[in-house]
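Working notes for the structure below.
Every read-out reported here was derived from the displayed coordinates using simple, explicitly stated rules and does not represent laboratory data. Note that the structure is a prediction, hence the values are computed from the model and not measured. All Cβ positions, glycine included, derive from the backbone under ideal geometry; neighbour counts span all protein chains shown.
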Amino acid sequence: MNSNSIVQTKSFNFSIQIIKTYQYLVESKREFTLSKQLLRSGTSIGANVTEAEHGQSTKDFIHKLSISRKEANETIYWLRLLGATGYLEEDNSQKLIKNCDELMKLLTSIIKTTKSRNNLL
């Protein structure tokens with residue numbers, strides 16, 4: 001299995017976690033604004049990874065993964081905010097943050113490796 005398949009699987013599974021968290025926030029906490037932001041950024045990670053898989057060029061591939069990494073960073077912000085305001089329990093938000101941070105590290109590694117292999121550093 002190559003790293004792209006791993007990042008696709010992890011980002012897809014993370015999207016599922018985010019969707020379930022969104023559903024919980026809307027149904028149980030009646031929170032609509034922050035949860036929508038979380039849903040958009042959290043599911044965008046995997047969408048951009050999928051787009052990168054069929055990039056038109058190496059630079060396009062790197063660009064899409066870079067967008068995915070930025071969306072992961074934004075997702076961490078929303079998770080921290082939801083945890084700090086009590087909408088999410090601290091352990092739940094920390095678990096999601098850890099999963100998102102792992103995705104960011106994986107994306108960073110793929111981007112760096114791709115740049116290095118293609119002399120784009």
If you go through the range 90-113 one residue at a time, how many are of a type in the set (A, V, I, L, M) and under 18 Å from Leu34 (Cα atoms)?
2
Restricting to the range 63-89, name every residue that is of a type outside the set (S, T, N, Q), under 24 Å from Phe32 (Cβ atoms) and buried (at least 19 other Cβ atoms within 10 Å of the Cβ).
Glu71, Ala72, Ile76, Trp78, Leu79, Leu82, Tyr87, Leu88
Just give me the residues in the range 69-92 being touching a residue at least 24 places away in the same chain (Cβ under 8 Å) and hydrophobic (A, V, I, L, M, F, W, C), in sequence order.
Ala72, Ile76, Trp78, Leu79, Leu81, Leu82, Leu88
Out of everything in the range 18-49 that is surrounded by fewer than 15 Cβ atoms within 10 Å (Cβ to Cβ) and in a helix (DSSP H, G or I), what residue ends up being nearest to the chain's Cα centre (by Cα)?
Ile19
Leu81 vs. criteria among the aliphatic types (A, V, I, L, M) and either closer than 20 Å to Ser15 by Cβ or within 18 Å of the chain's Cα centre (by Cα) (or both):
yes
